[in-house]
Amino acid sequence: MKRRQLVKTTTLGVAAATTASVAACTGASSPVAEGGAEDLPRIDWQMATSWPAALDTILGGAQTFADRVSAMSGGQFTISPRSAGEIAPPLEVLNVVSQGAVPCGHTASYYYVGRSPVMGFGASLPFGFTPQQQNAWLYEGGGLDKLQEFYARQFNVIQFPAGNTGAQMGGWFRREIASVSDLAGLKMRIPGLGGQVMSKLGVTVQTLPGGEIFQALQTGAIDAAEWVGPYDDEKLGLNKVAQYYYYPGWWEPGSTLEVQINLDQWNQLPEVYQQIVRTAAFEANLEMLSRYETRNNEALQRLVDGGVQLREYSAEIMTAAQEATFDLYDEFAASDADFKAIYDDWRGFRDRIYAWSQLNQGAFERFVYSNLKAGGEPPA
């Protein structure tokens, strides 16, 4: 079935289901014999986001979600994503949605670890899951159910995965970093639990919105910064104000972004609209990852051709970061019952899926990547 016909068929089915649902709830009979898009309740929402307007892929995840909601509701349920700062500060999206100032938002949960370290699980934990593993834990490993219970209880919000940036890069530095001692006193923009780990390693951590990173690096207010990966970093012009580009981004091996919806607003939606939201978020989650996987390599090649110096984090830094990471998790688990409950489950799932991934997929990747022919090698 062609996609256009599928959308049309889905819309008619949704309309019929909504008519029946509304009639059952109100006790009134349906005003039409056959449901159509015009019978769906009209809803218009504004969506706050954390993303600068220039970043078409990450902000595009919010737009993909909105477009699919509109298409599946026959244009009766519309959501208008706004770039960072238009209707809410970029790092306040959760707060304005929780308060009901706006009905929904698109953001990264780790921006809010100051409210609770649990918020790291929804996005990406240092030395945690790849995108594939993250989706497995959220959708099939019980992770999303646990997080939704926490969000509802703590913030009056329900959230759904709605984008993944893929494995991120390790950040831009104005000078080379070879050892842990080189990190001491370094001023770096890095949010979330990754920032707390860096702090343990001696870094002076700052949390800045994406739109402020370029100027902070340019003026020397910070010495280093991480954002996402080659495609977005190039758009922000970070290669123009820092020369050294490090990898891997061990703090975000597969970062999930999410749609957050005020729970009171969610509960007022007809069930069919709730199902549309779930489906649209799922599509946005997969589409964003596909876009980044496609675009990042091409952007990286352009950056390298333009003089950017790629550097791999040393084994010393990686080992120290991993040790500091799990020390931090142990500290949280000892003092925060909510974190411990989710972390125990997350850690068990991590052990199991790491073993499986290493055995099968890992063996395949080790072989094929070690035998790349000329022209298939990564830029150096």
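Values computed for the structure shown
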{"item": "Rough spin-label spacing in nm, given labels placed 7 Å along Cα→Cβ, for residue 355 and residue 215", "result": "5.2"}
{"item": "Most fluctuating residue given options 191, 131, 270, as computed from a GNM of the chain linking Cα atoms under 10 Å", "result": "270"}
{"item": "Taking segment 75-216 and dividing mean pair separation by its residue count, relative contact order in percent (alpha carbons under 8 Å, at least six apart)", "result": "18"}
{"item": "Relative contact order of the chain, pairs being alpha-carbon contacts under 8 Å that are 6 or more residues apart, as %", "result": "21"}
{"item": "Using alpha-carbon coordinates, inclination of helix 3-26 to the longest axis of the chain, degrees", "result": "60"}
{"item": "Probe 1.4 Å, protein heavy atoms only - accessible area per residue of segment 129-190 in square angstrom", "result": "34"}
{"item": "Amide proton proximity set for residue 43, modelled H, under 5 Å, gap of 5+", "result": "77, 78"}
{"item": "Per-residue [θ]222 nm for the chain (sum of -39500 (n - 2.57) over DSSP H runs n ≥ 4, rounded to 500)", "result": "-15500 deg cm²/dmol"}
{"item": "Solvent-accessible surface ranking, highest first, for 357, 181 at 1.4 angstrom", "result": "181, 357"}
{"item": "Of all accessible heavy-atom area on the chain, the percent that carbon and sulfur account for (1.4 Å)", "result": "50"}
{"item": "Antiparallel bridges, percent of DSSP beta bridges restricted to the chain (to nearest 5)", "result": "45"}
{"item": "Straight-distance crosslink candidates among aspartates and glutamates, where the alpha carbon sits under 13 Å from residue 146 and sequence neighbours closer than 8 are dropped", "result": "338, 344, 345"}
{"item": "Using alpha-carbon coordinates, inclination of helix 271-305 to the longest axis of the chain, degrees", "result": "30"}
{"item": "Probe 1.4 Å, accessible area per residue of segment 327-370, Å²", "result": "66"}
{"item": "³J(HN,Hα), Karplus 6.51/-1.76/1.60, whole Hz, each residue of segment 175-184, x for Gly, Pro", "result": "8, 6, 10, 10, 9, 4, 4, 6, 7, 4"}
{"item": "Angle between the chain longest axis and helix 143-155 axis [Cα atoms, degrees, rounded to 10]", "result": "80"}
{"item": "Label-point separation in nm, residue 327 to residue 369, each point 7 Å along Cα→Cβ", "result": "2.8"}
{"item": "Residue among 177, 222, 43 with the largest mean-square fluctuation in a Gaussian network model of the chain, springs linking Cα atoms under 10 Å", "result": "43"}
{"item": "Residue with peak Gaussian network fluctuation, the chain [Cα springs, cutoff 10 Å], from 211, 237, 61", "result": "237"}
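The values are calculated or read from the model by the stated rules, or taken from the named source; none is laboratory data. As the structure is a prediction and not an experimental result, all values here were calculated from the model. Positions of Cβ are backbone-derived with ideal geometry, glycine not excepted, and every protein chain shown enters the neighbour counts. Just so you know, the surface numbers come from the protein's heavy atoms only, side chains and all, with ligands and any DNA or RNA stripped out. Shrake-Rupley method; radii C 1.70, N 1.55, O 1.52, S 1.80 Å.
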